1. Quick check on residue B:89: is it within 30 Å of residue A:22 (Cα to Cα) and in contact with a helix residue (DSSP H, G or I) (Cβ under 6 Å, 6 or more places away or on another chain)?
2. What's the total number of residues in region A:104-120 that are assigned to a helix (DSSP H, G or I), surrounded by fewer than 23 Cβ atoms within 10 Å (Cβ to Cβ) and within 9 Å of another protein chain (Cβ to nearest Cβ)?
3. If residue B:48 meets every condition in (1) in a helix (DSSP H, G or I); (2) modelled with pLDDT under 90; (3) crowded, with 17+ Cβ neighbours inside 10 Å apart from one, which number is that one?
4. Take region B:87-115 and flag every residue that is more than 7 Å from chain A (Cβ to nearest Cβ) and outside any helix (DSSP H, G or I).
5. Name every residue in region A:58-112 that is outside the structural domain of residue A:199 (by TED's automatic domain parsing) and over 29 Å from residue A:219 (Cβ atoms), in order of residue number.
6. So, in region A:135-187, exactly how many residues are within 20 Å of residue A:207 (Cα to Cα) and not in a loop (DSSP other than H, G, I, E, B)?
7. Quick check on region A:207-217: of everything there that is part of a helix (DSSP H, G or I) and under 16 Å from residue A:85 (Cβ atoms), which residue is nearest to the other protein chains (Cβ to nearest Cβ)?
8. Out of region B:152-180, which residues are more than 16 Å from the chain's Cα centre (by Cα), within 23 Å of residue B:78 (Cβ to Cβ) and either surrounded by fewer than 13 Cβ atoms within 10 Å (Cβ to Cβ) or free of Cβ contacts under 8 Å to residues at least 40 places away in the same chain (or both)?
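The values are calculated or read from the model by the stated rules, or taken from the named source; none is laboratory data. Everything numeric in this text was worked out from a predicted model, so none of it was measured. Methodologically, a virtual Cβ is constructed for each residue, glycine included, from the backbone with ideal geometry; neighbour enumeration extends over all protein chains shown.
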């Protein structure tokens, strides 16, 4: 009994020690955002600001710039719209592929899954030309169908798995009561696959919220930028970087993700592990 | 079960939005990319010019910058994939043994995963700055280096920073995946092994690892794809500098496409990368099937 508790203490010590290394960069980000701007290029560099040094001036600067509110709203709008459309489309695809046989079903599913192998960015040239043709360059709304299309394969793959775990008898009972294919989708599939749809949606939100290369390529207008583009916009403007501003804005942009993560971490884990443990 | 005509119509209705979005924004670009790779096609010319067969492919494969970026990508993948798998597995293994605060550890170790690539890259760039915190620590505090190391302006320095970031950001994902797998290993197998006289290391190699082989291969496939997808970190940390020595395949492709307008070249490059990944994934899937008869 005693030996066991000593082992436990050692395990905790190792885990906490390793954790300290893992979270060090994030603590440094927060501590830098609390330093006065003059101290950012001081030498020797300090990990933490002195107690009297701590200031909120970087946060005040960010909050006083109207454009960052707009960047935030932009990110939020694009992420929510992409997540909702991907959830709806992928649930419909997952349901139909899991439940009905139709010509080309296996081909469709294999093809959707295979596209997950293709690095998303390799399609950027034809997608850019497509965006030009559709006249959605420099348009926020134009980001949504692209993000939706990127997240469909993984979402469909996961939701199909969840639908397959719903007993078919429930579908049949609904048909007996005179329900249609759409009734089953609305009354059985969506409510029962909700945990799966939720976990997929959290990932899709993260994807859209942090997406950088595509938004950086098609959005030029300052007021149409999403948050990651706004953060990277601190570079190249001036000779030296205002790291305090960069990290204050970074902390702000991490907050929504942190909140979603802490409240939904059960779904996070479900979404990660459903596909991985079966093998 | 027979499906009525109305039912068939509704099935079609459910499929339609997905087919339209997927067809327009994924399938069409894939086909277009393939076609472009055989044409002399530059920025500005919306319509392709001359059909040049495999010329673009030849140009890519003979390009020394492409070769450097390809080598960098391979090194990045070879280092970061085992790196995050081993550290992620060890973390999961330890968390699986503790009796308290399991959820707390899981949440905290996962934080780097949900930090966006842009932000994580900037933090690393700041830490590894020549006059930055890490160099100060290495030179003036523990005296491990005689002078400040130029992390960000050399090929291997820049890649090291990108690889450390990749490993740091990936540990949490591996931890969650392996933790779930560890919980499926039947406890009586450990007991049986203990009775047979296996020590902790013996149980790890003869019970745990064989039981989670499926998960190991799943992680291997996903992380290899992830390794080839590396873009934002390299773009933000070094931007391929100095002289494209730290470029990976995607940053080099992006530079050729949007920096010089060589669309045909970039299309061929994209296709080569996709083929390499497809072959790698196929080999790994084969391994997975062979080891799970």
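1. Values: within 30 Å of residue A:22 (Cα to Cα): yes; in contact with a helix residue (DSSP H, G or I) (Cβ under 6 Å, 6 or more places away or on another chain): yes.
Taking the combined requirement at face value, the residue satisfies it.
2. 4
3. Condition (1) is where residue B:48 drops out.
4. Selection gives B:100, B:101.
5. Once the filter is applied, which keeps residues that are outside the structural domain of residue A:199 (by TED's automatic domain parsing) and over 29 Å from residue A:219 (Cβ atoms), region A:58-112 yields nothing.
6. Final tally of qualifying residues: 20.
7. Pass one, region A:207-217, residues part of a helix (DSSP H, G or I): A:207-210, A:213-217.
Now restrict to residues that are under 16 Å from residue A:85 (Cβ atoms): A:207-209.
Numbers: A:207: 10, A:208: 11, A:209: 7 Å.
Among those residues, the one meeting the criterion is A:209.
8. B:156, B:157
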